[in-house]
Amino acid sequence: MGAAIVEHARVLEESPDDYPRVAEALNRLRSAALEYAELCADSTGWGNPFSDLEEDREDEEETVGAADGATVDVEAHYRIRVNDVAALTRLLGEAAADDVLGAPSDVVAQLFMRDGWDPAQYGGHLLTLVDQSWSCGPAGDDT
């Protein structure tokens with residue numbers, strides 16, 4: 001798995017806009033992680049060590065936010081043209097196939113939730129950012 005992590009990082013550093021290389025390295029990394037999780041379960045009885053990473057990060061963010069007490073509202077709007085649903089679905093990996101229905105909006109929603117959302121990272125051949133706007137300000141009264 002370590003080699004897959006190093007390779008993925010190297011590809012992202014060398015050629016982040018080369019979709020085929022990035023997707024291939026990402027798929028190798030995900031496969032290695034799944035194999036490692038299966039190995040952990042089979043040989044030790046422990047569960048997937050990666051299963052709650054997002055939950056851990058959300059807990060850390062909530063703790064940090066509670067410590068400083070500042071709350072702001074951020075609103076973002078993206079208009080996306082999905083050029084290749086199948087390729088974007090493959091980026092989600094085999095483990096995500098059950099929770100993706102295949103509609104362009106489902107695939108984009110899954111990518112948005114999983115990767116911090118930077119539509120430019122997918123290159124113009126997978127999806128195109130048609131329009132984008134955002135605003136940020138003090139939180140409304142309902143928070």
Amide H proximity to Asn83 below 5 Å, modelled H, separation 5+ or other chain, gives Leu127, Thr128
How large is ³J(HN,Hα), in whole Hz, for each residue of segment 80-88 in order, when computed from phi with the Karplus curve 6.51 cos²θ - 1.76 cosθ + 1.60 and θ = phi - 60°, using x for Gly and Pro?
-> 10, 9, 8, 8, 8, 4, 4, 5, 5
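Values in this text are rule-based calculations from the coordinates and carry no lab data. These numbers were taken from a predicted model, which means no experiment stands behind them.
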